Amino acid sequence: MKNVRLAFFLYFSYVSVGCIASQLIPLINDAGYTAFEKSMILGGGALFSFLMSLWLGKKSDGQGRLKPSFYISTSLYIGFMILFYLIDSMLFKAFFLIGLIGVSRTLMSSCETIVLMAKPDNFGKYQSMGALGLISGSLLSAQLMPVGKGSLCILSSLISFFLIYQWPEKQKEKTEIKVQDFLLLLKNKEYIGYLMIFFFLMLMGFADQYIVVDKMVQLKASAGMISLKYALQAFMEIPIYLSIKKIFHKFSISKLLVFCTLMSALKFALYGFVSVSYMIIIVSLLQIFTHPIIVVLSKKLIVGCTPSYLAASSQIIGFAVYFGMSGFVASLLGQMLTAWFSFDTALYIFASFALFPFLIWYFMRKYGKVGVVIKNENISD
């Protein structure tokens, strides 16, 4: 029963996130913001996510509990959403959007970390429920009016809040996290190397959400088609999450990392090549070979190279860097590239960023910055 509760907690949390995330670019465009203002909103949301994640990571390890971080993120998420829909001022709406974008990412990070700490051996299976939540949220969101979207988000958030409130979290030993502890993470070259690898991979992932969607908007794609792309990508992740233990038994960390990086480059090259919306949706199905493997790799590699007393901080801060800051850079860089070049050229440039994870991984292995993982590359736990 506890396992079912945890699975549906993740499902409803992601329904709430999917409602907004799938319609984020159309939502900003419909509000009437300029390209520069849009980049500031997306970048501001990513920066807010980064700062909030630092605070929540410290708080979680300091209290020895993760649930308070989820409570804070969910409460702020609901609050920013209500204010966004109630206030008419474009200036205040921009601030509320920044808060909504930033908190949605710390909410995802808190949910993933709760599940990872509770069920490390079955993390992939639980993530499949999260993917189902994203599918449900994105498809429903496209059919609802703004008030309906907000209501669905609030209802889903409250259900997930209730489910995790009733779930007994194991109390970790409380650890007072000091500045020296954060510096310890920054001095961990293996940890920093992994953050750099996943930063570039997630940079491409955010370009998928931002630039690719902007290209679809330029091609006159409907909100329904954009939601369909988001939903199908989430759907393609489910079989990988369900079979992730077998995949990690069969293939090494190195092979998986190289493979998903290559597929990320291929996906973006094809995004630049095709010129109709339905072909973009077909190309987006390559998500099956990219995001789910990247997510699980990031969790496992970070767990393997950081001390246990910084378990929550290393995950949440790492998530803030490679997920939060990559979103910040992707939004600003994307707007610059599309202003200077065509959408297609911008997508080809993002495809070239796959070179960086290859180089970083190569030098980490060559100069001995990869420890526990390379000693036993077929890690599944």
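General remarks:
- Cross-chain or 6+ apart pairs with Cβ under 6 Å, segment 27-39 first and at positive phi and without any contact (Cβ under 8 Å) to a residue 12 or more places away in the chain, then acidic (Asp, Glu) and open to solvent by less than 50 Å² (accessible area, probe 1.4 Å): none
- Options Ser73, Ser89; residue that is over 18 Å from Val296 (Cβ atoms) and either of a type in the set (Lys, Arg) or open to solvent by 20 Å² or more (accessible area, probe 1.4 Å) (or both): Ser89
- Residue within segment 111-134 that is more than 30 Å from Lys245 (Cα to Cα), under 15 Å from the mean Cα position of the chain (by Cα) and open to solvent by less than 60 Å² (accessible area, probe 1.4 Å) present: no
- When segment 307-344 is filtered for residues that are out of contact with any Gly (no Cβ under 9 Å at 6 or more places or on another chain), open to solvent by less than 20 Å² (accessible area, probe 1.4 Å) and modelled with pLDDT of 80 or more, the ones remaining, listed by number, are Gly334, Leu337.
- Positions within segment 283-293 being within 14 Å of Asp208 (Cβ to Cβ) and at pLDDT 90 or above, in sequence order: Val283, Ser284, Leu285, Leu286, Gln287, Ile288, Phe289, Thr290
- Spans of helices (runs of 4 or more DSSP H) in segment 216-306 with at least 1 residues surrounded by fewer than 20 Cβ atoms within 10 Å (Cβ to Cβ), touching an Asp or Glu at 6+ places or on another chain (Cβ under 8 Å) and hydrophobic (A, V, I, L, M, F, W, C): 253-273
- In segment 183-204, the qualifying residues are those that are within 14 Å of Cys305 (Cα to Cα), at pLDDT below 80 and assigned to a helix (DSSP H, G or I), and the one that is most open to solvent (accessible area, probe 1.4 Å) is Lys187.
- Within segment 262-279, residues that are more than 20 Å from Phe356 (Cα to Cα) have Cβ atoms under 6 Å from residues that are open to solvent by 40 Å² or more (accessible area, probe 1.4 Å) and at pLDDT 95 or above in no pair, counting only partners at least 6 apart in sequence or on another chain.
- Looking across segment 135-144, the residues that are touching a Ser or Thr at 6+ places or on another chain (Cβ under 7 Å) and open to solvent by 20 Å² or more (accessible area, probe 1.4 Å) come down to Leu139, Ala142.
The values are calculated or read from the model by the stated rules, or taken from the named source; none is laboratory data. Computed from a prediction, not measured in an experiment: that's the story for all the values here. Here the Cβ is made from the backbone with ideal geometry for all residues, glycine too, and neighbour counts use every protein chain on show. Accessible surface is based on the protein model in full, side chains and every heavy atom, while ligands, DNA and RNA are left aside. Shrake-Rupley method; radii C 1.70, N 1.55, O 1.52, S 1.80 Å.
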